[in-house]
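The values are calculated or read from the model by the stated rules, or taken from the named source; none is laboratory data. Since we're looking at a predicted model, the values are computed, not measured. Positions of Cβ are backbone-derived with ideal geometry, glycine not excepted, and every protein chain shown enters the neighbour counts. For accessibility, only protein heavy atoms count, side chains too; no ligands or nucleic acids. Shrake-Rupley method; radii C 1.70, N 1.55, O 1.52, S 1.80 Å.
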Amino acid sequence: MTRAQESPSPSGDVSPPPPPPFTQDMPVVMVAGGAGYIGSHVVEHLLSLGVYNVVVFDNLSTGHSDAVPSHPNLRFVQGDVRSDSDLDRVMEAYPVEYVMHFCALSLVGESVSQPLKYYDNNVVGTLRLLEAMVRHSVPHLVFSSTAAVYGQAQPEPIREDTPTIPLNPYGGSKLACEQMIRWTCEAHGLKAVALRYFNAAGASATGDIGEDHHPETHLIPLILQVPNGKRDNIKVFGTDYPTEDGTCVRDYIHVSDLASAHALALGHLAQTQPGFNAMNLGYGRGFSVRDVIDHARSVTGEAIAAVDAPRRPGDPPTLVAEAGRAREVLQWVPENDNLDSIIGSAWKWHESHPDGFKK
Ligand code: UFG
């Protein structure tokens, strides 16, 4: 797979020339953070539909230029959502009709030790983006949100009207963004959907893109580092939770099903009235940490040593979605509700890219 050329860095006195215009007359979707894990899978899905022109806008701080494909209906602009001039440059160059906003720092532990970094990147970034959307009359926004807005929610499964009491600055920053978006919709007639992901996992069926975080903190990629020879064992954080086997339970959702929900959200926004709506994305069933390790053993055919370890601070025992709203409003029909196929797609990516996008 060939990759999009990086445009020069936006820093410095002279702005780089905008990349060339699109040749096909189709709605333009600006995907802010389109070089990241979830953003790049959404971009791949949008391109496969063949009805959108896609502008990937990313500062490449955590995203990867190699995750952005070279495609006639895609342009790549390097820029930062906190920069008015970067945003003006892209919105002046293209008639953006939809923005998808994935730019965020998302390490829960880091957010606890550096909360202001998270509020700067996530909240200030969203503020600047909304200002630019209002300035350039861009009417539609799909916002990447998270189950972390709920905190330690009870009862299960979690509905969108479950109280939002975040346990950490990451969840707090995302909730602040949602509230800012809601008020902006009311004041400026924007249409917006926030998609609250549960545990995103897996990789594209093409095997070309997948998860590549530094540092990696997520369970499935860390488990797969064992058969990949990058670690000796997987630590099980906490074995005394009030769950069936004592380990935390999560609703793991295939990134391809997240991607299809985002595309459906564009169609929904085109038809709906101005306003804001939040929707959970999950399958409504949970797997424990031990379940996930067992499935990974069976998918990879490797023993995968596991070691019991203390609880990781801030982990709620169980997070399972009630995602009826997305099914009803977006007509979302997930196709990959199968933990083996989630882990299998992740394994295909990690086995063939043991160092991620690093060449
Ligand atoms: N876990 C281990 N060992 C590891 C890594 C993780 O036992 O080496 C456990 C965690 O303690 C947790 C479960 O595996 O119980 C899943 O952990 P992840 O880090 O993969 O995912 P989280 O549930 O912590 O985080 C996800 C998203 C966050 C979001 C959060 C909402 O990745 O962005 O859900 O609570 F904020």
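Can you name the residue in region 186-205 that is in contact with a Lys or Arg (Cβ under 9 Å, 6 or more places away or on another chain) and open to solvent by 20 Å² or more (accessible area, probe 1.4 Å) and, of all such residues, is nearest to THR164 (Cα to Cα)?
Checked region 186-205; the qualifying residue nearest to THR164 (Cα to Cα) is ASN199.
Can you say whether ALA326 is closer than 18 Å to VAL149 by Cα and not aromatic (Phe, Trp, Tyr), as far as the supplied structure shows?
So ALA326 fits the description; yes.
Only strands (runs of 3 or more DSSP E) wholly contained in region 33-126 count here; list those with 1 or more residues that are within 16 Å of the ligand (Cβ to nearest atom).
96-101
I need the full set of residues from region 26-63 which are small (Gly, Ala, Ser) and without any contact (Cβ under 8 Å) to a residue 60 or more places away in the chain, in order please.
ALA35, SER48, GLY50, SER61, GLY63
Please state which of the following conditions HIS188 fails to meet, knowing it meets all the rest: (1) closer than 19 Å to LYS348 by Cα; (2) out of contact with any strand residue (DSSP E or B) (no Cβ under 9 Å at 6 or more places or on another chain).
(1)
Per-residue answers, yes or no, for (1) farther than 21 Å from TYR283 by Cβ; (2) basic (Lys, Arg):
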{"position": "PRO316", "(1), (2)": "no, no"}
{"position": "GLU322", "(1), (2)": "no, no"}
{"position": "ARG325", "(1), (2)": "no, yes"}
{"position": "LEU330", "(1), (2)": "no, no"}
{"position": "ASP340", "(1), (2)": "no, no"}
{"position": "HIS350", "(1), (2)": "yes, no"}
{"position": "LYS358", "(1), (2)": "yes, yes"}
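Output the residues belonging to region 212-226 that are more than 10 Å from the ligand (Cβ to nearest atom) and open to solvent by 10 Å² or more (accessible area, probe 1.4 Å).
ASP212, HIS214, PRO215, VAL226
Grab the helices (runs of 4 or more DSSP H) fully contained in region 285-359, keeping just those with 3 or more residues being within 18 Å of SER256 (Cα to Cα) and aliphatic (A, V, I, L, M).
Once the helices (runs of 4 or more DSSP H) in region 285-359 are filtered for at least 3 residues that are within 18 Å of SER256 (Cα to Cα) and aliphatic (A, V, I, L, M), what remains is 339-352.
Could you give every pair whose Cβ atoms fall below 8 Å, whose first residue belongs to region 227-244 and is within 16 Å of PHE287 (Cα to Cα) and more than 10 Å from the ligand (Cβ to nearest atom), and whose second residue is among the basic types (Lys, Arg) and open to solvent by 30 Å² or more (accessible area, probe 1.4 Å), counting only separations of at least 6 or pairs across chains?
Close Cβ pairs (under 8 Å, with a partner that is among the basic types (Lys, Arg) and open to solvent by 30 Å² or more (accessible area, probe 1.4 Å)) amount to ASP240/ARG311.
I'd like the residue in region 129-185 that is β-branched (Val, Ile, Thr) and either without any contact (Cβ under 8 Å) to a residue 40 or more places away in the chain or at positive phi (or both) and, out of all such residues, is least open to solvent (accessible area, probe 1.4 Å).
Per the criteria, the residue is THR162.
Out of (1) in a strand (DSSP E or B); (2) aromatic (Phe, Trp, Tyr); (3) within 11 Å of the ligand (Cβ to nearest atom), the odd one out for TYR170 is which?
Answer for TYR170: the failing condition is (1).
Just to be sure I understand, how many residues within region 227-255 are of a type in the set (Gly, Ala, Ser) and open to solvent by less than 40 Å² (accessible area, probe 1.4 Å)?
Number of matching residues: 2.
Scan region 245-260 for residues that are outside any loop (DSSP other than H, G, I, E, B), hydrophobic (A, V, I, L, M, F, W, C) and near the ligand (Cβ under 10 Å from one of its atoms) and jot them down.
VAL249
Check whether at least one residue in region 195-206 is under 25 Å from VAL149 (Cβ atoms), within 13 Å of the ligand (Cβ to nearest atom), without any contact (Cβ under 8 Å) to a residue 40 or more places away in the chain and not in a loop (DSSP other than H, G, I, E, B), and report yes or no.
The answer is no; no qualifying residue exists.
Could you figure out which of (1) surrounded by fewer than 14 Cβ atoms within 10 Å (Cβ to Cβ); (2) more than 16 Å from the ligand (Cβ to nearest atom) isn't true of ALA305?
(2)
Filter region 217-229 for residues that are closer than 23 Å to GLU110 by Cα and part of a loop (DSSP other than H, G, I, E, B) and give the result.
Matches in region 217-229: THR217, HIS218, GLN225.
If a residue has to be among the small types (Gly, Ala, Ser) and either under 23 Å from VAL320 (Cβ atoms) or open to solvent by 50 Å² or more (accessible area, probe 1.4 Å) (or both) to count, how many in region 111-128 make the cut?
Number satisfying all stated conditions: 2.
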